[in-house]
Amino acid sequence: MKKIMSIITFVLMLTVFTAGGNMVHAETADTPAAHSDILVAYFSATGTTKGVAERIASVTGGDLYEILPAEPYTEEDLNYNDSSSRTTIEQNDKSVRPEIGSEEISLEDYTTIYLGFPIWWGEEPRILDTFAEKYSFEGITVIPFCTSGGSGIGRSGSNMETLAGSGTWLEGERFNGNVSEEDLQSWIDGLQ
Ligand SMILES: Cc1cc2nc3c(=O)[nH]c(=O)nc-3n(C[C@H](O)[C@H](O)[C@H](O)COP(=O)(O)O)c2cc1C
């Protein structure tokens with residue numbers, strides 16, 4: 001009888017141990033990360049870059065962060081035919097740093113940032129310069145992307161890399177506003 005009891009105890013202990021072991025393993029394997037290590041940060045005055053940013057976030061599973069100007073750009077501000085409009089003045093003066101109004105973000109847990117913006121007068125809007133100077137990109141690969149009426153990304157990436165002074169900055173790419181998720185995926189695959 002004693003022998004039977006000790007066999008039962010042994011089997012019970014084995015069951016508890018095995019079940020416990022499995023539980024720990026399942027928890028480790030199934031617990032999702034707090035958030036992605038990919039961030040898609042973008043500024044978009046009229047929504048075109050926003051659309052591309054959302055598609056990049058969709059194909060990469062990245063988090064989205066909108067760089068919002070503290071003072072929003074009005075239609076008048078965006079008039080590139082007016083030599084005294086806000087954007088013309090800002091783009092003509094490389095020292096202008098429009099204030100960012102969106103909540104500060106911690107970049108600590110990100111290893112890759114897709115950084116999107118429209119092309120203004122051939123390069124990045126000055127608010128991207130504010131963003132580049134505001135954060136540390138240490139240990140982060142920054143991949144610029146832009147939309148435009150036709151102009152390429154030009155020196156935007158290297159301009160921001162110089163201002164940031166940290167991180168690994170790729171040259172980046174210009175897209176049409178209606179670029180598909182499939183085309184974005186092939187671009188991303190080609191970056192590796
Ligand atoms: C002030 C201003 C300057 C622009 N300069 C250029 C330019 O130099 N080259 C170009 O191809 N498109 C230029 N564009 C067009 C924008 O790059 C294009 O419409 C872009 O897709 C807008 O993106 P968004 O909707 O995300 O703001 C300019 C637009 C604005 C408002």
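The values are calculated or read from the model by the stated rules, or taken from the named source; none is laboratory data. Model, not experiment: these values are computed from the prediction. Using ideal geometry, Cβ is built from the backbone for each residue, glycine included, and neighbour counts are taken over all protein chains shown.
Descriptive notes on the structure:
- Gly165 being closer than 15 Å to Thr112 by Cβ, exposed (fewer than 15 other Cβ atoms within 10 Å of the Cβ) and either free of Cβ contacts under 8 Å to residues at least 24 places away in the same chain or not acidic (Asp, Glu) (or both): no
- As for the range 125-140, it holds no residue that is touching a Pro at 6+ places or on another chain (Cβ under 8 Å) and more than 18 Å from Trp169 (Cα to Cα).
- Residue in the range 112-128 that is in contact (Cβ under 8 Å) with a residue 24 or more places away in the chain, surrounded by 14 or more Cβ atoms within 10 Å (Cβ to Cβ) and away from the ligand (no atom under 16 Å from the Cβ) present: yes
- Among (1) among the hydrophobic types (A, V, I, L, M, F, W, C); (2) in contact (Cβ under 8 Å) with a residue 40 or more places away in the chain; (3) farther than 22 Å from Asn176 by Cβ - the single one Cys146 does not satisfy: (3)
- Residue check, Pro72 surrounded by fewer than 12 Cβ atoms within 10 Å (Cβ to Cβ), of a type outside the set (Val, Ile, Thr), within 16 Å of the ligand (Cβ to nearest atom) and modelled with pLDDT of 95 or more: yes
- Check on Ser83, free of Cβ contacts under 8 Å to residues at least 24 places away in the same chain, away from the ligand (no atom under 11 Å from the Cβ), over 19 Å from Lys134 (Cβ atoms) and not aliphatic (A, V, I, L, M): yes
- Taking the range 136-153 as the range and being buried (at least 18 other Cβ atoms within 10 Å of the Cβ) and closer than 22 Å to Val52 by Cα as the test, the residues that pass are Ile140, Val142, Ile143, Pro144, Phe145, Cys146, Thr147, Ser148, Ile153.
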